[in-house]
Amino acid sequence: MAQTHEVTNQVRPHHGYDAAADPALLEAVAREGAGWATGEIHELGVLAGSEQAAEWGRLVNENTPVLRTHDRFGHRVDEVEFHPYWHELMRTAVGNGLHAAPWQDDRPGAHVARAAKFYVWGQVEAGHSCPVSMTYAAVPALRAAPGIAHWLEPLLASREYDFGLREPMAKRGLIAGMSMTEKQGGSDVRTNTTAAVPAADGTYRLTGHKWFTSAPMSDVFLTLAQAPGGLSCFLLPRVLPDGSRNRIHLQRLKDKLGNRSNASAEIEYDDAYGLLVGEEGRGVATIIEMVNMTRLDCVLGAASGMRLGLIRAVHHATHRRAFGAALIDQPLMRNVLADLALESEAATAVAMRLAGATDRVAAGRTDEALVRRLGLAVTKYWVCKRAPVHAAEALECLGGNGYVEESGMPRLYREAPLGSIWEGSGSVAALDTLRAMARQPETVEAFLAEVEQAAGADRRLDAAVAGLRKELADPGQAEYRARRITETMALVLQGSLLQRYAPTAVADAFCASRLGGDHGRAFGTLPPGVDTAAILDRARTATV
């Protein structure tokens, strides 16, 4: 067959790099007290940047979970089948302590180390991060029932991944899920109608339908149901102590935009066995401990996706030529890439700051609890809102090559909106910010004290903080303005962190563009004078 052409000017695959070679991440790890974990983070980063891991991620998304409701004899089995590489991803995550391990680790910085690994390994494949995150987040909620936590927590923190339907105490490690929302309410969980009836033995029997249960193959679930004393939190195992299956029936798997490697299901509780966690009527207060932790992981996941989009765009621009020069050497492309880098670095800095707060809260720091309460609400709103537009711009940097599935960019693009929906959509997150300020006014001053640690470093940041104080002092139409208030708070928090800890080029460019008004509506509209070379040097560490 005649050779009609040769392939030139195509970018080599983005494999064989260390995903942890990320200056913003490593600086934050050291700053937040987890420098001891740097070697472990790099080891995981090398695997995350490997061709093998990329293949795992590709195949679990092309071969999505399959629901098996019955066996061939007609018995209910309610099981989900996964591609074998799903289990490799899960085994790696659990083995590296990305799940509940920090709750059993007394070392300072344990939650920061876990956050850094979650951020690095999530760049391989985001879907399996969901059950990993819920297992991490379940522990604080379970501690409302010390007797349950005593026997369950060590198994949730175990670094052995033990997939399969067996009685929990017979397994080497457990995965936890969460089942809150119902079709009539969504985020308004107080409208839930699932009923929990007390049994003579002190347990409960639950009957009802759940509209969105992520990771239905988990070993145990935290769920909400209406008990005689009001909306309450319950723990439901999939397999009962006698080895029989709990009456939790999987109705169908959701056909989702992204997160396709991970199963999400509608389920029925048909007189299902459950254990009360916390007090009757305190279900929301109990499970909110889990929600706060999964919100942190929404931020980490969004930051992880931004980093992946950035380094793929930089890699492509480094090796692709157009109009006589490498794309990365052309001024407008450098503006776009530097702008993407600023967004990524700001997201990473604030995500790791909140992970550090989690460590200090676990150590008993009440001041850090106040900072985390408000900081997490505003950051969950803003960083997760920025992820989809960031993914779209990163994809566009690859042109038509980015639009095809083989590039991996469409999967990143489809995944990006999830964080902004999971654990409360944008408006819910913004209203949660107002609720936190109203119920705990001390969180406002704690937040402003955190931000003002950078006072005097940048006039634009100082002006934005002064404007924020003025806006917070005006309660009129607060709900109508909730998104604007929340966005401003998130930006001044990011600006403060970058002024304190990032290189001058990064901090100045961020404040000039995000707080100084000298920025357009699209990425790639940084003002003149920005040191794009210094900014992009920090992104090129993961280019091969």
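Values quoted throughout were computed directly from the atomic coordinates according to the rules given, and no laboratory measurement underlies them. For clarity, every value in this text was computed on a predicted model and none was experimentally measured. Cβ sites come from the backbone with ideal geometry, for glycine too, and all protein chains shown count toward neighbours.
Of the DSSP beta bridges with both residues in the range 23-281, give the percent that are antiparallel, rounding to the nearest 5. Mind dumping the intermediate values first?
On the way: 36 of 41 bridges.
That works out to approximately 90 percent antiparallel.
Scan the range 444-519 for GluC sites (Glu not before Pro) in coil per DSSP, keeping those whose Cβ has at most 16 other Cβ atoms within 10 Å, and list them by number. Present the calculation step by step, with values, prior to reporting the outcome.
Values: sites: 445, 450, 452, 471, 479, 487; in loops: 479.
Counting only loop positions with at most 16 other Cβ atoms within 10 Å, the GluC sites (Glu not before Pro) in the range 444-519 are 479.
In degrees from 0 to 90, rounded to the nearest 10, what is the angle of the helix 110-121 Cα long axis to the longest principal axis of the chain?
The answer is roughly 70 degrees.
Not counting the cut sites, what is the longest span of the chain without chymotrypsin sites (Phe, Trp or Tyr not before Pro) that DSSP labels loop and that have at most 14 other Cβ atoms within 10 Å?
Numbers: sites that count: 73, 323, 480.
Answer from the scan: 74-322.
Along the Cα-to-Cβ line of residue 199, 7 Å from the Cα, sits a label point; which residues in the range 139-161 have backbone N less than 17 Å from it?
Zone members listed by number: 148.
For the range 144-232, divide the Cα radius of gyration by the Kirkwood radius and give the resulting Rg/Rh value with two decimals. Numbers along the way, then the final one.
Details: Rg = 14.5 Å, Rh = 14.5 Å.
For the range 144-232, the value is 1.00.
Over the Cα atoms of the range 170-315, compute the convex hull volume and normalise it per residue, giving Å³. Before the final figure, lay out the partial values.
Details: hull volume 19.5 nm³, N = 146.
With only Cα atoms used, the range 170-315 gives 133 Å³ per residue.
Please report, to one decimal in angstroms, the Kirkwood hydrodynamic radius of the chain built from all distinct Cα-Cα pairs.
Numbers: mean 1/r = 0.0416 Å⁻¹.
Computed over Cα pairs of the chain, the Kirkwood hydrodynamic radius comes out at 24.0 Å.
Let me check I have the definition right: for the range 53-142, take the eigenvalues of the Cα gyration tensor, multiply each by 5, take square roots. What are those semi-axes in whole Å, largest first?
Working: eigenvalues 166, 65, 15 Å².
Largest first, the range 53-142 gives 29, 18, 9 Å.
For the range 285-542, what's the radius of gyration and Dmax over Cα atoms, in angstrom?
Answer for the range 285-542, Rg first and Dmax second: 18.4, 61 Å.
For the range 23-281, how big is the tail of P(r) above 31 Å, as a whole percent of Cα pairs? Don't jump to the answer; show the numbers that get you there.
Values: 8874 of 33411 pairs.
Of all Cα-Cα distances in the range 23-281, 27 percent exceed 31 Å.
Taking the Cβ of each residue in 411, 58, 439, 500 as the centre, tally the other Cβ atoms inside 10 Å and list the residues starting with the fewest.
Values: 411 22, 58 18, 439 9, 500 14.
Going from least to most buried by this count: 439, 500, 58, 411.
Could you work out the Rg to Rh ratio of the range 442-538, with Rh taken as the Kirkwood radius (inverse of the mean 1/r over all Cα pairs)?
Values: Rg = 14.2 Å, Rh = 14.2 Å.
Answer for the range 442-538: 1.00.
Can you give me the angle between helix 283-319 and the longest principal axis of the chain, using Cα atoms only, in degrees from 0 to 90, rounded to the nearest 10?
30
When 484, 312, 260 are ordered from fewest to most other Cβ atoms inside 10 Å of their Cβ, what list results? Display every interim value, and only then the final one.
Working: 484 11, 312 24, 260 21.
Ascending number of Cβ neighbours within 10 Å: 484, 260, 312.
Using just the Cα positions, wrap the range 1-83 in a convex hull and report its mean projected area in square nanometres, one decimal place. Working shown, then result.
On the way: hull surface 48.4 nm².
Mean projected area of the Cα convex hull: 12.1 nm².
So how much slack lies between residue 540 and residue 43, counting 0.36 nm per residue of separation and subtracting their Cα-Cα distance, in nm?
On the way: separation 497, 0.36 × 497 = 178.92 nm, distance 1.90 nm.
Taking residue 540 through residue 43 to full extension adds about 177.0 nm, to one decimal.
Could you work out how far helix 331-362 tilts from the main Cα principal axis of the chain, as a 0 to 90 degree angle to the nearest 10?
Tilt of helix 331-362: around 40 degrees.
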